[in-house]
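The values are calculated or read from the model by the stated rules, or taken from the named source; none is laboratory data. On a predicted model such as this, the values are computed, not experimentally measured, just so you know. Counting neighbours? That spans all protein chains shown, and the Cβs are built from the backbone with ideal geometry, glycine included. Please note that ligands, DNA and RNA were not included when accessible areas were found on the heavy atoms of the full protein model with its side chains. Shrake-Rupley method; radii C 1.70, N 1.55, O 1.52, S 1.80 Å.
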Amino acid sequence: MRYLFTILMSSLCLFGAIADEKLSGTIIGTELSINYETQSSSTDVNIKPNAFDGNPNTFFASYENSYTWVGLDLGEPHIITRIGYMPRNFSYGPRRMMLGMFEGANREDFMDAVPLYMITSNCPVQQMSYTDVQVSKGFRYVRYVGPNDSRCNIAELEFYGHPGEGDDSQYYRLTNLPTVTIHTLDGVIPNDKVTPIVSQLTVLGDDGHAEILTGPGSIRERGNASRLFPKRPYRIKFDSKQNVLGSPAKAKKWTLIPNYGDKTLVRNMLAFEISRQLEMTYTPFSTLVDVMLNGEYKGCYQLTDQVEINKNRVNIVEMSAEDNSGEALTGGYLFEIDAYATDEPSYFISNYGNPVTIKSPDEEDITTAQYNYIKNYFNLMEQNKKQYLDLNTFLRYFLVGELSGNTDTYWSTYMYKDRSNDKIYTGPVWDFDLAFNNDRRTYPINDLGDYIYRTNGSTAGNMRDFVDELIVYDPEVNQQLKEIWRHARHKGLTAGNMIAYLDSLETLLQQAQTYNFTRWDIMNAIVHQNPVAWGSYAAEVQNVRSYIAERFQWMDNKLGNTSGDHALLGDVNDDGQTNIEDITILTDYLLGEYKDIYFDAADMDKNGNVSIADLTALIDYILLQ
């Protein structure tokens, strides 16, 4: 019976191979080719049909360097099961196909295209290379898109499959990360942070099985200094609100952060985790993804919330143009202390010389009354910080910046004010590509004699004096800072936990970082403010790992936390001392009348449980003191 089953399956496989023959259709692609002899554009030399002529010594090469392609119009949808390809027959041929992309679409303009396969290893010249395709959707249009700066350069191209509409049960992702693919109308490439380019946005998640989010939207560049990098930052916007990859917020706007100068690709992720551990009111949602633009692989990015007013982002009242008096005028406002404020359309300089960009209401909607209100209120806060600045969020924000060693903590600082609330709040945290020992101006951070903001850190306006007034010169605020730090340390903000999180990200990115640094060959180069080129991904991560271990000790010493990661034995209420009050709280806890205790301190016998035995041990411990 097993023998007959084997024969049957072999026959089915043979039938499938016969059924999925090489496909033919109308040749389509980038219009102009290049005549290498004259270095001019051509329509009769190195043309598209060469990719389908069966001759390994002819090839298609486009006149334009990037975003060029060749493919087939199959006339009707086909499920593609196999692809064959051959590089141009010369020494750089294989290299010019590395990270080349195959796509399928059902729109002639490829706006709805999804990836079929990406070439991730060198393929030999003068012979076909083949790969099976695991995508269940049928496509009428199929193509090969050459990688950046390759002029497409392909000798032979073959598609195999059979007619069919298919379904959405299986898609291809470039790595184990979700894939974000963006196709712009007419292939326009974003080149400023003002003009939105009409796009189709597609997100492939959940290991490619069934999870696809696609919809119309737009893309533009974003950022300030990061826009000068070859790996550009983007803001994408869906036409309708979407939950993206399990994000808490349903929103239109999202950011794609390139982390170009951060060769670990995870410094922002680490800092956001510190923000969560420090219980900041809002920490931006963030996840790592692979990004494609018009069929070209752009690298590993960080898909992150746009910082904006939203019930699951900055949760304050969103103002309208009618909110010009009374209680309605008091909020909400989202703004940023911003060294680049004078480049923005809506900003002011405070009486103390701090530049502030108003984010919401934005420049198109803000009224004169609203502008004057938040400007005057910010000035009032600067004169009376302890009355009008929420110290809880300010100090937690400070700790995120100092623990991560962020040069730019006060170069760019988000703040907000809600309606009917006298306080100005600090956050969310943002922009940590220079943190964790990645800035030649502050490296090595742990050798600095004081906080990074007080030594070599960058500050907008007079923010150094602003922070000093609270952190350095106000004993009450400084004591509150120490209590927040100690409490966070005891609740799980430890070097061990942060290093474990870093290790998990390193494992997650093993495949994606390889392709990213194939696309962006900078591992041995100094880019942006890198103090050292460590030479490998593992070495870059180790630099951060070593920094974290040392920085926790530095912060403990600075803030007088003598217990380090460990709880003070018997300090049930985590107030820094063990006394009769802890006995009362633990008794109430065991009676079910009190819920919030410091578990590790209450677990006197360290057996993983808190019981009457621990209460007895605590009483004995206090009596013996």
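Listing for the model above:
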| item | result |
| --- | --- |
| Accessible area in square angstrom per residue, the chain, 1.4 angstrom probe | 42 |
| Protection-proxy order for peptides 146-154, 408-416, 214-222, each taking the mean of Cβ atoms within 10 Å per residue, highest first | 408-416, 146-154, 214-222 |
| Residues whose placed amide H lies under 5 Å from that of F139, excluding near-sequence neighbours | H78, I79, I80 |
| Cα centroid separation, the stretch 210-252 to the stretch 276-324 (Å) | 9 |
| Per-residue SASA entry for T507, accessible area with 1.4 Å probe, Å² rounded to 10 | 100 |
| Calculated diffusion of the chain, Stokes-Einstein form, Kirkwood radius summed over Cα pairs, 37 °C and 0.692 mPa s, µm²/s | 118 |
| Cα-based equivalent ellipsoid, the stretch 462-514: semi-axes from gyration tensor eigenvalues, Å | 35, 17, 5 |
| Set of lysines near K606 by C-alpha distance (under 20 Å), chain-local residues within fewer than 8 positions excluded | K491, K595 |
| On Cα atoms only, tilt of 510-519 relative to the major axis of the chain in degrees | 60 |
| Eligible lysines near K311 by straight Cα distance, threshold 21 Å, same-chain separation 8 or greater | K237, K241, K250, K252, K253, K359, K417, K423 |
| Cα Rg over Rh - the stretch 538-621, Kirkwood | 1.16 |
| Inter-part distance where the stretch 472-548 and the stretch 381-408 are each reduced to a Cα centre, Å | 21 |
| Label-point gap, in nm, between N376 and E165 - each point 7 angstrom along Cα→Cβ | 6.3 |
| Spin-label zone in the stretch 603-625 - amide nitrogen under 16 Å from a point set 7 Å from the Cα of L590 along the C-beta vector | 603-623 |
| Sites K311 and E37, calculated FRET efficiency, Cβ-Cβ separation with R0 45 Å, nearest 0.05 | 0.10 |
| Computed lengthening from D503 to Y621, 0.36 nm per intervening residue step minus Cα-Cα distance | 38.6 nm |
| R0 of 30 Å, Cβ-Cβ distance S320-T214: FRET efficiency to nearest 0.05 | 0.40 |
| With Cα atoms, 0 to 90° folded angle of helix 495-508 axis to the chain main axis | 10 |
| Hull-based mean projected area of the stretch 499-548, where the convex hull spans the alpha carbons, in square nanometres | 3.6 |
| Solvent-accessible surface ranking, highest first, for D167, D362, D262 at 1.4 angstrom | D167, D362, D262 |
| Per-residue HN-Hα couplings for the stretch 301-316 [Karplus 6.51, -1.76, 1.60; θ = phi - 60°; Hz; x = Gly/Pro] | 10, 10, 7, 9, 3, 6, 6, 7, 6, 6, 4, 10, 10, 7, 8, 9 |
| Karplus-derived HN-Hα couplings along the stretch 95-105 (A = 6.51, B = -1.76, C = 1.60, θ = phi - 60°), whole Hz, x at Gly and Pro | 5, 6, 9, 4, 6, x, 10, 9, 10, x, 8 |
| I349-D521 pseudo-label distance in nm [points 7 Å out on the Cα-to-Cβ vector] | 4.6 |
| Phi-based couplings in Hz for the stretch 449-456 (Karplus 6.51, -1.76, 1.60; Gly and Pro marked x) | x, 8, 3, 5, 5, 8, 10, 9 |
| Accessible-area composition of the chain, carbon plus sulfur, in percent [1.4 Å probe] | 48 |
| Segment A328-L569, extension gain: residue separation times 0.36 nm, minus the distance between their alpha carbons | 81.8 nm |
| Angle between the chain longest axis and helix 580-590 axis [Cα atoms, degrees, rounded to 10] | 50 |
